[in-house]
Structures are given as C-alpha cells and as structure tokens.
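Worksheet: one structure, shown below.
The values are calculated or read from the model by the stated rules, or taken from the named source; none is laboratory data. This structure is a prediction, so every number in the text was calculated from the model and none was measured. Note: ideal-geometry Cβ built from the backbone for every residue, glycine included; neighbour counts use all protein chains shown.
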Amino acid sequence: MQQEKMFELADRLKALRDQKDALEAELKQVNMDIDNVDWHLANHMAETETQNFTRAGVMFCLTTKTRASALAGQKESLYDALRAQGYGDLVYETVNANSLSAFVKEQIEANDDALPSWLNGLISVFDKTTVGVRKAPK
C-alpha cells in the first residue's frame, strides 16, 4: 500500500514535469510567433503610414522604443563610466542565487559544517529536500 502511494505520487510528479516542459516549449514558440507577427505588422503599418487603428475593440499603435545594452566585454567599463558621470544609481550589483548557494555550501564544508561568522546576519541558509527525476538506464 505504501509503495503504491509512492508510485502514484512519482507518476504524478513526472506527468507534471513533462507538462511543464511541454508548456515551456509551447510558450517559447508562441513568443517567437508574437515577435515575428509584431515585426511584420509594425513594418506594414510604417509602410502604409498608419500610426494606429482599432480592430475588434482593440487599438493597435505604432510605437518606437529605444533599447540599449553594454557592448560585449564592456559592462564593467560602462558601469565605471556611469558612476563617474554621477549615474551610479543605475548600476545594480547582483549575485546569482545558484552560485551563492554553491559558494555558501563550500564555505560551510570548509568551516567544520558551520556558517562562517562573517556571513552571519547577511544570508539565510536552509535545506530543501526535493525529488530528482531522470531517465533510468536501460
């Protein structure tokens, strides 16, 4: 009976993960389709000099957004330049959560299974138990 319940939950977990993978793939495709149709519609509106129009109760407006990103290998130089010009408030430092977790695990192992004192009060550490799912070897 216990094993039957475990197998039932395992089957449900696998089905949900498979469903998630399928939905993520579908979402990726839908986003690519949206980008493609948006590009074609924007070009057609620009060619016909149509600034906006309404269809089926929805207004479509031709808009232009300026986007910027750091050149490859220039991120730190950009950050330094922004700070030097008084725009440092645009710069946000981040630490990848997975990298931080791996680093903290290493620090705990190197410190007799205790969090180093210099990290006390700066981070929270907890263990999360989950079920790994992978294809079984043949």
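When each of Lys20, Lys14, Lys75, Lys5 is tested for being over 30 Å from Leu115 (Cα atoms) and touching a residue at least 60 places away in the same chain (Cβ under 8 Å), the lone residue that passes is Lys14. Identify the residue in the range 55-85 that is of a type in the set (D, E, K, R) and in a helix (DSSP H, G or I) and, among all such residues, is nearest to Asn43 (Cα to Cα). So the residue we want is Lys75.
Out of all the residues in the range 1-17, is one or more farther than 30 Å from Val131 by Cβ and not hydrophobic (A, V, I, L, M, F, W, C)? There is no residue in the range 1-17 that is farther than 30 Å from Val131 by Cβ and not hydrophobic (A, V, I, L, M, F, W, C).
Flag set for Ser101, criterion: modelled with pLDDT of 90 or more and part of a helix (DSSP H, G or I). Residues that are exposed (fewer than 11 other Cβ atoms within 10 Å of the Cβ), under 30 Å from Leu13 (Cβ atoms) and not polar (S, T, N, Q) do not occur anywhere in the range 63-81.
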